[in-house]
1. Which order, highest average first, do 128-139, 93-104, 428-439 follow once you tally other Cβ atoms within 10 Å for each residue and take the mean per peptide?
2. Say the dipole of segment 395-463 comes from +1 at the beta carbon of Lys and Arg and -1 at that of Asp and Glu; which of Gly442, Gln420, Ala456 then lies farthest toward its positive end?
3. Binned at 10 Å from 0, what are the whole-percent values of the Cα-Cα distance distribution for segment 236-305, short to long?
4. Could you give the nm distance between label points at Gln357 and Gln375, where each point is 7 Å from its Cα heading toward the beta carbon?
5. If you bin the C-alpha pair distances of segment 170-284 every 5 Å from 0, what whole percents do you get?
6. I want to verify the translational diffusion coefficient of the chain in µm²/s; compute it with Stokes-Einstein, Rh as the Kirkwood radius over Cα pairs, at 4 °C and 1.567 mPa s.
7. Rounded to the nearest 500, what is the 222 nm mean residue ellipticity of the chain from helices alone, with -39500 (n - 2.57) per DSSP H run of 4+ residues and division by all residues?
8. What is the ratio of the Cα radius of gyration of segment 371-431 to 2.2 N^0.38 Å, where N is its residue count, to two decimals?
Amino acid sequence: MAQHPTNLADYTAAGLVDLYRSGQASPTQACEAVLARIATLDARINAFVCVDHDGARTAAAASTQRWTSGAPVGPLDGVPVSIKDLVLTKGLPTLRGSLTLDIAQPWDVDAPATARLREAGVVILGKTTTPEFGCKGETNSPRSGITRNPWNPGKTAGGSSGGAAAATAAGMGAIAIGTDGAGSVRIPAAFCGNVGFKPSFGRIPAYPLSPFGSVSHLGPLTRDVRDAAIVMNILKQPDARDWTSLPPDASDYTQGLEDGIRGLRVAYSPTLGYARNVDPEVAAAVQEAVHQLASLGAVVEQVDPGFDDPLDITTGLWFLGSWTLWNTLTAQQQALCDPDLSAQAELGRAYSALQIQQFNLRRGALGAHMRQFMQRYDLIATPSTAVPAFDARPAGHGPMTPETMLGWTPFSYPFNLTQQPAITVPCGFTRGGLPIGLQLVGPMFRDALVLRAARAFETSRNIPTLAPTTAPA
């Protein structure tokens with residue numbers, strides 16, 4: 001029988017709520033445990049831009065009173081949550097990893113995700129680190145420096161939701177909210193041993209919309225799939241400020257979550273047909289995980305989905321977004337920017353209107369191709385990234401090219417282009433102790449199916465999701 005954690009900071013969200021309900025612990029106690037964990041670890045990890053001690057304690061005290069009165073407002077009431085520093089949060093600055101934003105301005109708007117969480121009674125701990133404007137798959141920036149991996153602080157936490165992933169892995173909040181424009185939830189979640197879910201585009205409303213366009217999703221990072229399903233029920237509520245958001249979805253993602261995957265058709269694609277240089281340890285761990293899916297009753301076929309590497313589409317549209325954003329800044333602000341963002345903007349400037357239109361047409365063809373492919377399969381299984389976490393590096397450490405930006409994560413960005421739901425779930429470790437992720441991709445709008453499949457896998461394997469750096473020195 002699995003042992004319960006001894007520190008409240010180590011509990012999942014659902015585990016904390018069970019304690020609150022039974023009276024064995026309170027939101028105030030959980031908040032204090034997490035704040036103590038942040039105080040102990042974050043100087044080494046650098047996951048937080050700011051920690052709202054007073055606001056968190058006030059929210060925790062209010063939640064404690066609700067639980068004491070037998071009137072919690074929802075299934076996450078009193079759970080400690082962090083918000084990525086790209087997502088507006090009332091009362092806290094949202095500086096987007098950039099020195100170009102003035103901290104001395106009103107911060108009086110909640111983004112939809114933050115608003116829904118606040119209505120659900122969560123305890124907002126603070127804002128987590130991001131590269132400048134979320135522009136890359138490593139979390140380093142001139143404003144906040146380098147965010148490190150709790151499993152090995154010499155390694156990167158990934159990005160751009162690196163602070164969210166590092167916080168989750170270190171027990172600095174049970175749930176973190178991130179964004180994913182080319183893998184920015186799934187990359188750091190895979191590197192840090194989290195569950196990271198990118199839902200169907202529009203399922204979580206956004207405001208304001210990303211300058212990088214309709215590849216950019218919001219999503220949760222958690223330590224198990226059950227927590228991801230619970231928080232998705234909250235995050236998927238509608239918000240009229242996002243004209244791209246999907247119609248309301250009244251379903252409960254926790255219903256049927258434990259139903260397993262017997263009979264589901266899984267397309268196992270170890271390279272997507274084009275990925276080169278997949279780390280052998282990553283490939284072996286994912287192949288073993290796919291064998292486990294088969295043992296759970298899935299019908300697995302090794303098959304590629306049949307498209308060429310869309311790296312040039314992804315980076316072409318991304319660099320155009322960087323160029324668009326760059327043109328909102330003054331020359332003085334541009335001088336303060338991350339050299340990686342500057343290099344992306346310069347690359348974006350070189351594209352013609354015809355090239356951008358051609359990228360969009362090719363993206364549409366890819367989306368149509370995958371809608372048809374997913375008529376034959378319920379899920380695609382791939383590695384989450386081609387490599388485990390690499391060395392942590394400062395901003396501007398090397399040349400900016402499509403290959404250096406995303407060539408090492410060939411499995412993530414196609415599904416931003418197609419907007420399909422995709423999840424990474426831990427499936428093992430390298431010999432050096434670094435996490436490895438299995439990615440499961442579903443048909444558009446079948447978010448609940450993806451969560452159900454990931455839950456079936458995780459409950460069949462007892463893989464730690466709390467980094468050993470949480471242990472006392």
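Read-outs: derived from the displayed coordinates by stated rules, not from any lab. Computed from a predicted structure; not experimentally measured. Please note: Cβ atoms are built from the backbone with ideal geometry, for glycine as well, and neighbour counts cover all protein chains shown.
1. Details: 128-139: 30.1, 93-104: 17.3, 428-439: 21.0.
Averaged packing, sorted descending, gives the order 128-139, 428-439, 93-104.
2. The Cα lying farthest towards the positive end belongs to Ala456.
3. Once binned at 10 Å, the Cα pair distances of segment 236-305 give 17, 29, 24, 26, 4.
4. It works out to 3.0 nm between the two label points.
5. All Cα pairs considered, the percentages come to 2, 10, 16, 19, 20, 18, 10, 5, 1, 0.
6. On the way: Rh = 21.8 Å.
Using the Kirkwood radius from Cα pairs, D works out to 59 µm²/s.
7. On the way: 15 runs with 170 residues, N = 473.
Roughly -11000 deg cm²/dmol at 222 nm, from the helical runs in the chain.
8. Segment 371-431 yields a ratio of 1.41.
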